[in-house]
Amino acid sequence: MGEEMTVKEYLKQLELLNEMINQKVSQVDELREMAMGGGMGIRYDKDPVQTSVSADAGTNKIIKYIDLENEVNADIDRYVDLKNRIINQIHGIKNVNHMKLLYKRYVEFKRLEVISVEMNFSYDHTRRLHGYALLDFERTYHDDLKGDLKS
């Protein structure tokens, strides 16, 4: 994780990585369309120099597409590893309400308003419970995350 972060920032890494992957997948789709779409065919009615420039441009688009697709695959691997780690850590929380709330918030990416309805708590109680759950997580994993979390 590198530089120090709060427990909330640590847990929110999953949502951030998920969003980055989704954005890159959109980019991959656009690049695939550009690389596989128009502009790649050889035009025999043009000068040979123009044909090679067009072919080079098409090759560059394909290379960019492949590079970004490889980057997305690496991000997905990181996401799966991080998700498994965070889920296992959340499952290690002894208080069942803390565990449920942390899972819903940081694995399912639900807002506290939605969680309060699902857990049948007032919004204010859910906010307080969220704070206690974060403290519980920090106490439980302080030694495992030492150096990564701000005290």
- Query: Can you tell me which residues in the range 105-151 are loosely packed, with under 15 Cβ neighbours inside 10 Å, touching a residue at least 60 places away in the same chain (Cβ under 8 Å) and touching a strand residue (DSSP E or B) at 6+ places or on another chain (Cβ under 9 Å)?
  - Reply: Lys150
- Note on the structure: Reported set for the range 81-123 where residues are aromatic (Phe, Trp, Tyr) and under 18 Å from Thr140 (Cα atoms) is Tyr103, Tyr106
- Note on the structure: Residue set Tyr123, Tyr79, Tyr103; condition within 19 Å of Asn22 (Cα to Cα) and not hydrophobic (A, V, I, L, M, F, W, C); output residue Tyr79
- Subset of the range 19-69 that is among the basic types (Lys, Arg) and surrounded by fewer than 16 Cβ atoms within 10 Å (Cβ to Cβ) - its residue that is modelled with the lowest pLDDT: Arg43
- Residue count for the range 70-104, restricted to those that are surrounded by fewer than 17 Cβ atoms within 10 Å (Cβ to Cβ) and either within 21 Å of Arg128 (Cα to Cα) or more than 15 Å from the chain's Cα centre (by Cα) (or both): 8
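The values are calculated or read from the model by the stated rules, or taken from the named source; none is laboratory data. Quantities reported herein were computed from a predicted structural model and do not represent experimental measurements. Positions of Cβ are generated from backbone atoms using ideal geometry, with glycine treated the same way; all protein chains shown enter the neighbour counts.
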